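Written out below as structure tokens is the structure these notes cover.
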Amino acid sequence: MLRKAVYPGTFDPVTYGHLDIIKRVANICDKLIVAIAQNVAKVPLFTLEERLEMLRESVKDIKNVYVDHFDGLLVDYLKRVEAKIIIRGLRAVSDFEYEFQQALANKKLYPECETIFLVTDSKYAYLSSSMVKEIAKFGGCVKDLVPDIVAKKLYIKFRNENAK
Ligand code: COA
């Protein structure tokens, strides 16, 4: 049994693919912190507050999962919350190179930390937050891809944006 683990990500927005990882990790650790972080390469559609709200609502029935956020380096956050385990999901070989680099850099910065990769459920292997946003933007149905609160927020966001 793992003690405390951190699942970092942009979660812009959280999808059923992320939730699959969260539920599976929650089963094998005492406490899982899902932490919204800043990826400098991304400009999120949703504000931090919106992403926190969507994540909190999506995990509210899983008793050992907590939602948080941080600025700066993941390794500094890990030290602050006294965690050494980083969780990441792998969807395809294409994820591997980026994840491998991140894991090595985090290990270099914080040698006691370990990155654990979970293979995403094949149902969600094609899914990404960008894909969900694109489908929603052009009026497609995202109900099987994201929790209800996310589907509603996407609908409102793009209705307002398209009306501008
Ligand atoms: N199911 C569905 N989609 C999944 C998924 C799964 N199981 N796992 C990943 N994804 C998708 C996400 O939807 C996302 O899609 P997008 O690119 O269209 O937005 C993409 O894969 C990866 O996103 P996410 O898992 O949210 O991570 P990220 O790559 O945006 O986040 C951080 C990377 C935030 C963890 C990293 O930048 C970080 O640690 N930042 C803090 C600063 C730092 O320490 N940097 C590292 C220095 S070494």
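If you roll a 1.4 Å probe over the heavy atoms of the protein chains, what accessible area per residue do you get for the stretch 26-149, in Å²?
On the way: 7560 Å² over 124 residues.
Dividing the accessible area of the stretch 26-149 by its residue count gives 61 Å².
Listed by chain and number, the lysines whose C-alpha is less than 19 Å from the C-alpha of Lys42, apart from same-chain residues fewer than 8 away, are Lys133, Lys137, Lys157.
Given the DSSP H assignment, sum -39500 (n - 2.57) over each helix run of at least 4 residues in the chain and divide by its residue total; what's the result at 222 nm in deg cm²/dmol, nearest 500? Don't jump to the answer; show the numbers that get you there.
Values: 6 runs with 72 residues, N = 164.
About -13500 deg cm²/dmol.
Farthest toward the positive end of the dipole of the chain, out of Ile116, Ile85, Ile33, is the Cα of Ile33, where the dipole comes from beta carbon charges about the Cα centre. Residues of the stretch 93-114 falling in the label zone of Asp76, defined by backbone nitrogen less than 20 Å from a point 7 Å along Cα to beta-carbon, are 102-114. Compute and list, largest first, the equivalent-ellipsoid semi-axes of the chain from the alpha carbon gyration tensor, each √(5λ) rounded to a whole angstrom. Here the semi-axes work out to 27, 16, 16 Å.
The Lys108 and Asp144 beta-carbon pair, evaluated with R₀ = 30 Å, returns a calculated FRET efficiency of approximately 0.15.
Got a number for carbon plus sulfur as a percent of the chain's accessible area, 1.4 Å probe?
Details: 5190 of 9580 Å².
Solvent-exposed carbon and sulfur of the chain make up 54 percent of the total.
Label point 7 Å out from Glu99 along Cα-to-Cβ: which residues of the stretch 118-150 have amide N under 18 Å? Counting backbone N atoms under 18 Å from the label point, the list is 118-131.
The values are calculated or read from the model by the stated rules, or taken from the named source; none is laboratory data. Just so we're clear, the structure is a prediction, and the values are computed from it rather than from any experiment. Using ideal geometry, Cβ is built from the backbone for each residue, glycine included, and neighbour counts are taken over all protein chains shown. Heads up: the accessible areas ignore ligands, DNA and RNA and are worked out on the full protein's heavy atoms, side chains in. Shrake-Rupley method; radii C 1.70, N 1.55, O 1.52, S 1.80 Å.
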